[in-house]
Amino acid sequence: MFIVSIDEDQCSGCNECTESCPAHLLSFVEDKAQVTGDESECMGCESCTSVCPTGAISIAEM
Ligand code: SF4
Ligand code: SF4
């Protein structure tokens, strides 16, 4: 199981990550990316972290 964290202060609002997630777990809300899906569906693919230009997203395996 993976925990997905997005640091709001580091998020520049580029919206790249929401498109990158194959599980559609991320959404763009009020100019910031947020985790809005079921985190238990995260595959830990790191697609979101690889497209994020600011390093705002972190994936941790539990
Ligand atoms: S690691 Fe993969 S499945 Fe998990 S939130 Fe990021 S893009 Fe989505
Ligand atoms: S890719 Fe990074 S900077 Fe861009 S919206 Fe997502 S979390 Fe924010």
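Pop out the carbon and sulfur fraction of the accessible area of the chain as a percent, whole number, probe 1.4 Å. Can you show the working numbers first?
Values: 1730 of 3810 Å².
Here it works out to 45 percent.
By the beta carbon rule, with partners counted only under 4.7 Å, the chain holds these lone Cys residues: Cys11, Cys14, Cys21, Cys42, Cys45, Cys52.
222 nm [θ] for the chain, helices only, -39500 (n - 2.57) per DSSP H run of 4+, per residue, to 500?
Values: 2 runs with 10 residues, N = 62.
Helix contribution divided over all residues of the chain: -3000 deg cm²/dmol.
Taken along its three principal axes, the alpha carbon spread of the chain comes to 27, 17, 16 Å, from the longest extent down to the shortest.
The values are calculated or read from the model by the stated rules, or taken from the named source; none is laboratory data. These figures come from a predicted structure and were not determined experimentally. Please note: Cβ atoms are built from the backbone with ideal geometry, for glycine as well, and neighbour counts cover all protein chains shown. Ligands, DNA and RNA are stripped out before the accessible areas are found, and what is left, the full protein with its side chains, is counted by its heavy atoms. Shrake-Rupley method; radii C 1.70, N 1.55, O 1.52, S 1.80 Å.
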